[in-house]
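Trainee: Okay, handing you the structure first.
Read-outs throughout are calculated quantities, based only on the coordinates presented, and are distinct from any laboratory measurement. Just so it is clear, the model here is predicted, and its values are computed rather than measured. Because the Cβ atoms are built from the backbone with ideal geometry, glycine has one as well, and the counts that use them run over all protein chains shown.
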């Protein structure tokens, strides 16, 4: 009886698809192969009106351990799958020592997964990635993640009707089946919300915002564009104070933080009115960074800034009517003062004044009940779900 009860508690092992016999997978070794790795999605998604091609030059730098500061505490391996000499899929396997140390985990990760719709092709890629993780001495893999959770994280499983926002993933519907056919199971979902700019916040939110606005010592100001570095360092401090071991973000090293900031800075400075900081007696205690959603403008570049892509991108940027809430943070001890409501109300006022139609908020962990309740209390509706998967290797 006891033996039967124990057996019932054993987690069943999902079935694995058979590796396609005519597919070979090899580690990326040369610059030419890395270019194939970078360019493969441009071919794969040709004709998909919702796909936002990455900028090829930026992706080359992103993958280069000599350039991307993420690799100061991480290592990665890239694989290409070929059938009859033609690329049919790609995947990255990596280990983020900083993440594992901060969250007290022993995980390998996979990301940058793209594949023709064939479980056998995917099986060959996952076998290669899992084998690499296993050789590093780890026995569990999670993903997809594009190296870190402040980049693209999760697999799109709901919300295929529109292009992704900045730094949000996009993939075909078939990818969930490809992962699940290869032993991956759902670990956690991430939610993305949309809030129309012309919808008034509920009375409760407005009341909380007004209470915070009239509290002693409270002031909301814009990011200091003349000396942004000081504010940026303060924002980093607030973010790191919010991070808790468990799942998700891990503190960035200074080089990585600067690398990310330098890439987003031109977009932030395009609309500095949308980056707000709340102070209490001169101390920055909360912030919200919102910027024009450049994703649809980036579509026009079709992966290349030159000779004409940058001009097309800048021309399309004139018509952007969507915003992307990139970051929000509030110091411990200030969470129940209504500062989140105040920043939301002030952001909406600026969005309306500047003529934006809507904004996307995300991602939010499915089990972060407080944040989900706060977001939905503003009247936002969930528009996309991203799924993080896991598997033993």
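Trainee: Could you work out the relative contact order of the chain? I mean the mean sequence separation of Cα pairs under 8 Å and 6+ apart, divided by the number of residues, in percent.
Mentor: Here the relative contact order equals 23 percent.
Trainee: When ranked by the protection proxy of mean other Cβ atoms within 10 Å per residue, highest first, what sequence do the peptides 30-36, 151-157 form? If you can, show how the numbers build up before the last one.
Mentor: Numbers: 30-36: 12.9, 151-157: 21.6.
Highest to lowest by the protection proxy: 151-157, 30-36.
Trainee: Using the alpha-carbon atoms, what tilt in degrees (0 to 90, nearest 10) does helix 119-135 show relative to the longest principal axis of the chain?
Mentor: 80
Trainee: Please give the direction-averaged projected area of the C-alpha convex hull for region 13-188, in square nanometres with one decimal. The partial results should precede the final answer.
Mentor: Details: hull surface 41.0 nm².
Value for region 13-188: 10.3 nm².
Trainee: With no solvent and one point per C-alpha, what does the Debye sum give as log10 I(q)/I(0) for region 194-385 at q = 0.15, 0.19 Å⁻¹?
Mentor: Calculated log10 I(q)/I(0) at the listed q: -0.99, -1.53.
Trainee: Highest mean first, what order results for 128-137, 361-370 on Cβ atoms within 10 Å? Mind dumping the intermediate values first?
Mentor: Details: 128-137: 19.0, 361-370: 16.6.
Peptide ranking by packing, descending: 128-137, 361-370.
Trainee: Report the calculated FRET efficiency for residue 151 and residue 32 (r = Cβ-Cβ distance, R0 = 35 Å), to the nearest 0.05. Walk me through the numbers before you get to the answer.
Mentor: Values: r = 25 Å, r/R0 = 0.71.
E(calc), rounded to 0.05, equals 0.90.
Trainee: Mind jotting down the distance between the C-alpha centroids of region 230-283 and region 151-184, whole Å?
Mentor: 27
Trainee: Would you calculate the separation in nanometres between label points at residue 225 and residue 258, each defined as 7 Å from the Cα along the Cα-to-beta-carbon direction?
Mentor: Placing both labels 7 Å beyond Cα along the Cβ direction yields 2.4 nm.
Trainee: Something else: Rounded to the nearest 500 deg cm²/dmol, what is the calculated helix-only ellipticity per residue at 222 nm for the chain, with -39500 (n - 2.57) per DSSP H run of length n ≥ 4?
Mentor: Calculated at 222 nm, the ellipticity per residue is -11000 deg cm²/dmol.
Trainee: Can I ask one more? By how many degrees, 0 to 90 and rounded to 10, does the Cα axis of helix 339-354 deviate from the longest principal axis of the chain?
Mentor: Taking the Cα atoms of the chain, the angle to 339-354 is about 90 degrees.
Trainee: Let me ask another. With N denoting the number of residues in the chain, provide Rg(C-alpha) divided by 2.2 N^0.38 Å, to two decimal places. Let's see the in-between values first.
Mentor: Working: Rg = 22.0 Å, N = 393, 2.2 N^0.38 = 21.3 Å.
With N residues counted in the chain, Rg over 2.2 N^0.38 Å equals 1.03.
Trainee: Please give the Cα centre distance for region 108-124 versus region 353-367, rounded to the nearest Å.
Mentor: 30
Trainee: Nearest 0.05, what FRET efficiency do residue 390 and residue 162 give at R0 = 22 Å with Cβ-Cβ as r?
Mentor: Details: r = 28 Å, r/R0 = 1.26.
FRET efficiency, residue 390 to residue 162: 0.20.
Trainee: Below 8 Å between Cα atoms, with a sequence gap of 6+, how large is the relative contact order for region 194-385 in percent?
Mentor: Values: 264 pairs, mean separation 64.6, N = 192.
34 percent.
Trainee: So for region 194-385: antiparallel DSSP bridges make up what percent, rounded to the nearest 5?
Mentor: DSSP beta bridges in region 194-385 are roughly 85 percent antiparallel.
Trainee: Right, here's the next one. Measure of size requested: the Rg and Dmax of region 37-81, with Cα atoms as the atom set and Å as the unit; please supply both.
Mentor: 12.7, 38
Trainee: Using 7 Å Cα-to-Cβ label points, what is the residue 61/residue 376 separation (nm, one decimal)?
Mentor: Roughly 4.0 nm, to one decimal.
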